[in-house]
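The values are calculated or read from the model by the stated rules, or taken from the named source; none is laboratory data. Keep in mind that this is a model prediction, so the values were computed, not measured. Neighbour counts run over all protein chains shown; Cβ positions are idealised from the backbone, glycine included. Heads up: the accessible areas ignore ligands, DNA and RNA and are worked out on the full protein's heavy atoms, side chains in. Shrake-Rupley method; radii C 1.70, N 1.55, O 1.52, S 1.80 Å.
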Amino acid sequence: MEKAARSVAARLREQGHIAYFAGGCVRDMMRGLDPKDYDIVTDAHPETVQKFFSRTYAVGAHFGVIIVLEEGFQFEVATFRSDDAYIDGRHPSAVHFSSPEKDAERRDFTINGMFFDPVADKVIDLVGGQADIAAKLVRAIGDPAKRFAEDRLRMLRAVRFAAVLDYEIDKATWGALVANAPSINQISAERIRGELEQIFLSSNRVRGWDLLDASGLMSVILPEIEAMKGVLQPEQFHPEGDVFVHTRLMLSLLPEKVSVPLVFAVLFHDVAKPVTARVDETGRIRFNEHDRIGAEMTEAIMRRLRFSGAEIEVTVEMVRQHMVFKDVPKMRVAKLKRFMARPSFNEELELHRVDCESSHRMLDNYEVLRRKREELANEPTRPAPPRRGGPRSAPG
């Protein structure tokens, strides 16, 4: 891919134009990583870019963006621009084609604001991104409050970069983030969901959880999780603390790579405990039907955040079934096999493991099911019973 990206830049240079790599690919290169994609910026206007390449299409010509297809890869080629005032927390009211300096100034964070000249093999850093990479710091370019007002999603992006890269957030940037957190819901649910997925699919997801919590973003986006704070649980089963602490601990026990349904089932498996909490006549805390009600709440939350239907279906099933695991010792073999044959079982078993390890630490049922899964996997496949009456004749 890098070779093809250099070829696109070289073609623009041959025609007398500036052409640099920009944004995340430069950040990755500075960190010694292979970029997943390459964005290119140029002083050539969109209609000019299209003349230089045989396969292009305009995805945002108004914003100066042309997709160039080269050697089987797609590259965003964008004209240097500056932006007028942002009127909706996402889009500028107008854009002006400009210079590398003005283009760098309009970007979100210094670590994403660098350019790389692929001909000279030189970093062009107009915003201090190299120093912030060395310091492991997420810092807004210019006035952080202005950057967040331009695009509210940048608040979630700051959290994502800090979590995924294991960076700190610059003090002024953090202050502006906290001050503006209540406005995050001005952004579309789809864009919010996309950032949440990247945060919680990251191996550093607990850091993401903590930043979402401390910034106030959690309470705005997921008030149902905020409601878990202070919801006490029976100490004999949950010595770790309240529901919020329990859920955070479960996140920390997940393996590095997880699916969307598994990690969001962890987040939501006890989401109904705050609304079902009761103390019975013996003084014991109860959460009757929190699995069933939690499944309904999970579906509502995920629909609100525009998850796919398939992801919602699996996650809701996992939340609905998570209390069934306590009944495993009493199940007859046929029922147990049906329970284990469901498509979401393996991920439910992982949910059960971290649920136990983060609380009472009793893994008896988990071990039984793990062994049973191995036994069933090794069982020989039985041939299908013969059909009665022999084969049917084809109709005449």
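Screening ARG55, ARG31, ARG11 for residues that are among the charged types (D, E, K, R) and under 30 Å from ALA131 (Cβ atoms) leaves exactly one candidate, ARG31. Among the residues of the stretch 264-277, the ones that are surrounded by fewer than 21 Cβ atoms within 10 Å (Cβ to Cβ) and outside any helix (DSSP H, G or I) come to 1 in all.
Is it true that LEU201 is more than 29 Å from VAL279 (Cα to Cα) and open to solvent by less than 50 Å² (accessible area, probe 1.4 Å)? Even if it seems obvious, please write down each step before you answer.
On the way: more than 29 Å from VAL279 (Cα to Cα): yes; open to solvent by less than 50 Å² (accessible area, probe 1.4 Å): no.
When the stated conditions are applied, LEU201 does not pass them.
Tell me which residues, restricted to the stretch 330-374, are part of a loop (DSSP other than H, G, I, E, B), open to solvent by less than 60 Å² (accessible area, probe 1.4 Å) and in contact with a His (Cβ under 8 Å, 6 or more places away or on another chain).
Start the filter on the stretch 330-374 by keeping residues that are part of a loop (DSSP other than H, G, I, E, B), which leaves 331-332, 342-344, 358-363.
So of that shortlist, the ones also open to solvent by less than 60 Å² (accessible area, probe 1.4 Å) come out as 331, 342, 344, 358-359, 363.
Within the stretch 330-374, SER358, SER359 meet the criteria.
Scanning the stretch 210-241 for residues that are among the polar types (S, T, N, Q) and within 22 Å of the chain's Cα centre (by Cα) turns up SER215, SER219. Taking the stretch 98-123 as the range and being buried (at least 17 other Cβ atoms within 10 Å of the Cβ) and part of a strand (DSSP E or B) as the test, the residues that pass are PHE109, PHE115, PHE116.
Determine, yes or no, whether ASP213 is in contact with a strand residue (DSSP E or B) (Cβ under 7 Å, 6 or more places away or on another chain), of a type outside the set (Val, Ile, Thr), over 18 Å from ARG303 (Cα atoms) and open to solvent by 10 Å² or more (accessible area, probe 1.4 Å). No: the conditions fail for ASP213.
The set of residues in the stretch 168-209 that are within 18 Å of the chain's Cα centre (by Cα) and among the charged types (D, E, K, R) comprises GLU190, ARG191, ARG193, GLU195, GLU197, ARG205, ARG207. Taking only pairs six or more apart or across chains, which ones have beta-carbon atoms under 9 Å, a first residue in the stretch 7-31 that is within 11 Å of PHE52 (Cα to Cα) and at pLDDT 95 or above, and a second residue that is open to solvent by less than 10 Å² (accessible area, probe 1.4 Å) and in a helix (DSSP H, G or I)? If the second residue must be open to solvent by less than 10 Å² (accessible area, probe 1.4 Å) and in a helix (DSSP H, G or I), no pairs are left. Restricting attention to the stretch 31-49, the residues being surrounded by fewer than 18 Cβ atoms within 10 Å (Cβ to Cβ) and not in a loop (DSSP other than H, G, I, E, B) number 2.
Give the residue that is nearest to GLU348 (Cα to Cα), with candidates limited to residues of the stretch 278-297 that are assigned to a loop (DSSP other than H, G, I, E, B) and open to solvent by 40 Å² or more (accessible area, probe 1.4 Å). The selected residue is GLU289.
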